[in-house]
Amino acid sequence: MHELSLMQGVTDIVKESAEQNNICKISKVKLVVGKFSMALPDSMQFAFEAIAASEPLLEGAVLEIDTRPIICQCLECDSKTEIGDNYHFVCSGCGSAKVEIIQGRELYLDYYEGE
């Protein structure tokens, strides 16, 4: 379960930033997770809740995950295609396999809220 180590890294970043900005309590953490990152949102949620339960700074904080689909742009016809669960990287416009992934690899901390 690599989601646990991912969430440990996220919470470490949030704790360090909160300390630098004199924030005593975190209420919300927002992540952006692309489908092609292969990070599972449900597992990340579970890991966050486990970590937050033992961290006074994060106790009661809510994790919000913005999941982004995989979108490819065709290098032949320039159209954009959302890739489904079959991971079939083919342009829906012209059928070309010459596509570039332009969205879906994201995995970052967007922001956190606290007081």
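The values are calculated or read from the model by the stated rules, or taken from the named source; none is laboratory data. These numbers come from a predicted model, not from an experiment. No Cβ is skipped: glycine too gets one built from the backbone with ideal geometry, and neighbour counts run over all protein chains shown. Calculation scope for accessible area: heavy atoms of the full protein, side chains included, ligands and nucleic acids excluded. Shrake-Rupley method; radii C 1.70, N 1.55, O 1.52, S 1.80 Å.
Report, to the nearest whole %, how much of the accessible area of the chain belongs to carbon and sulfur atoms, 1.4 Å probe, protein only.
51 percent
Just the number, please: percent antiparallel of the DSSP beta bridges in the chain, rounded to the nearest 5.
70 percent
Which one of VAL14, CYS24, PRO41 has its Cα pushed farthest toward the positive end of the charge dipole of the chain, where Lys and Arg give +1 and Asp and Glu give -1 at the Cβ?
The listed residue farthest towards the positive side: PRO41.
Net charge around GLY104, counting only other residues with Cβ within less than 15 Å of its Cβ (Lys, Arg = +1; Asp, Glu = -1)?
-1
Around LEU57, what is the net charge, scoring Lys/Arg as +1 and Asp/Glu as -1 over all other residues with Cβ under 14 Å from its Cβ?
Residues near LEU57 contribute -4 overall.
Have a look at ILE65, LEU107, HIS88 and report the one farthest towards the positive end of the charge dipole of segment 27-115, computed about the Cα centre with Cβ charges (Lys/Arg +1, Asp/Glu -1).
Of the candidates, HIS88 comes out farthest on the positive side.
Once you charge only the Cβ atoms, +1 for Lys and Arg and -1 for Asp and Glu, what is the size of the charge dipole of segment 4-115 about its Cα centre, to the nearest 20 debye?
That gives segment 4-115 a dipole magnitude of about 260 debye.
Rolling a 1.4 angstrom probe over the protein heavy atoms, how many square angstrom per residue are accessible across the chain?
Counting only protein heavy atoms, the per-residue value for the chain is 59 Å².
If each of GLU19 and SER79 carries a label point 7 Å out from its Cα toward its Cβ, how far apart are those two points in nm?
5.3 nm
Give me the mean projected area, in nm² to one decimal, of the convex hull enclosing the Cα positions of the chain.
Over all viewing directions, the chain projects a mean Cα-hull area of 7.9 nm².
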